[in-house]
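Peer 1: Can you keep this structure in mind? I'll have questions shortly.
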Amino acid sequence: MTERQKQILYAIIEEYAELATPVGSVTLAKLFDCSSATIRAEMVKLEQMGYIMQPHTSAGRIPTDAGYRLYVNSLQENLDHTEKNTEESEPVSNDRTTKALATRIQAQTRADYAIRTAVDSLVELTGNLGLATIGDQLYISGFGGLFAQPEFIQNAQVQAVGQLLDNIKPWLQEVQPNEAINVYIGSENPVGKASNVSLIVSRFRSPYSDRSYIGVLGPTRQSYKRVMSLVRHAGLMLEEVLYDE
């Protein structure tokens, strides 16, 4: 894959996340300051490689799970690099959103309240469903926001999400994801593979367990850069606030 093809793929992913409609060559031609014909030729190659697809004739393109995976891997590399070059006492990000998230978590005096507050904040900030382990319990919030997304008009997809959530707690206990931030895209999910959702989970240490988890569940069409950063930041803040209690 050429660098231009990679940038076109990333642009399709980011535009689709924002607009929720297939991305056409005219839009991309404006972004890359080239002709629509040039973009269409590159889109054909990306489609042949399996990174994008055309949902119906005469439509623009949308990312496939493979396209999202390539994009997310790049984001994870950047996130890991940022953490390695940041002092442990410093937050991952200093923007207003993450500062507000940190303030809400730090205001809580009980571990369970802090974790619930972190989940509720992620729901508010991302529009996704939020979840976290609190000892042997699984706290979930944000069903309304998740199912208001256009992806979940079909009952079959809602049922697939329900199947995934029914099995998420035992799956987390069994698999215990090892990375600081874990992203499971669409068919990569342990169950509910046809649900077209992504599960983004961060591991953190707490008084309950060295392997506590917080995360969000949302459509594959989402702003991964922003959501992954928020989820990882929530995990880091919880660990900082709770681990020494």
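The values are calculated or read from the model by the stated rules, or taken from the named source; none is laboratory data. Just so it is clear, the model here is predicted, and its values are computed rather than measured. Here Cβ is always computed from backbone atoms with ideal geometry, including for glycine, and neighbour counts include all displayed protein chains.
Peer 1: Given the criteria among the polar types (S, T, N, Q), surrounded by fewer than 16 Cβ atoms within 10 Å (Cβ to Cβ) and either under 27 Å from Asn78 (Cα atoms) or without any contact (Cβ under 8 Å) to a residue 60 or more places away in the chain (or both), does Ser187 qualify?
Peer 2: So Ser187 passes the test.
Peer 1: Mind listing whichever residues of the stretch 190-203 are crowded, with 24+ Cβ neighbours inside 10 Å and small (Gly, Ala, Ser)?
Peer 2: Ser195, Ser198, Ser202
Peer 1: Counting only residues that are at pLDDT below 90 and in the same structural domain as Ser202 (by TED's automatic domain parsing), give me the helices (runs of 4 or more DSSP H) lying completely in the stretch 1-97 with at least 2 of them.
Peer 2: Those helices (runs of 4 or more DSSP H) span 65-84.
Peer 1: Now, a different point. So which of Gly144, Gly130 ends up being surrounded by fewer than 15 Cβ atoms within 10 Å (Cβ to Cβ) and at pLDDT 90 or above?
Peer 2: The match here is Gly144.
Peer 1: Something else about it: Which ones in the stretch 35-55 are closer than 16 Å to Tyr68 by Cα, touching a helix residue (DSSP H, G or I) at 6+ places or on another chain (Cβ under 9 Å) and surrounded by 14 or more Cβ atoms within 10 Å (Cβ to Cβ)?
Peer 2: Met43, Leu46, Met49, Tyr51, Ile52, Met53, Gln54
Peer 1: Shifting gears a bit: For the stretch 206-233, which residues satisfy the criterion of being among the basic types (Lys, Arg), more than 20 Å from Phe147 (Cβ to Cβ) and out of contact with any strand residue (DSSP E or B) (no Cβ under 7 Å at 6 or more places or on another chain)?
Peer 2: Lys225, Arg226 - these are the residues of the stretch 206-233 that are among the basic types (Lys, Arg), more than 20 Å from Phe147 (Cβ to Cβ) and out of contact with any strand residue (DSSP E or B) (no Cβ under 7 Å at 6 or more places or on another chain).
Peer 1: Restricting to the stretch 118-158, and then to whatever is of a type in the set (Asp, Glu) and over 26 Å from Ser187 (Cβ atoms), can you tell me which residue is farthest from the chain's Cα centre (by Cα)?
Peer 2: Filtering first and then ranking leaves Asp136.
Peer 1: Failed condition for Ile115, given (1) surrounded by fewer than 21 Cβ atoms within 10 Å (Cβ to Cβ); (2) closer than 22 Å to Val227 by Cα; (3) touching a residue at least 40 places away in the same chain (Cβ under 8 Å), with all others met?
Peer 2: (1)
Peer 1: Right, another one. Take Ile115 and tell me if it is in a helix (DSSP H, G or I), in the same structural domain as Pro170 (by TED's automatic domain parsing) and either at pLDDT 90 or above or over 16 Å from the mean Cα position of the chain (by Cα) (or both).
Peer 2: When the stated conditions are applied, Ile115 passes them.
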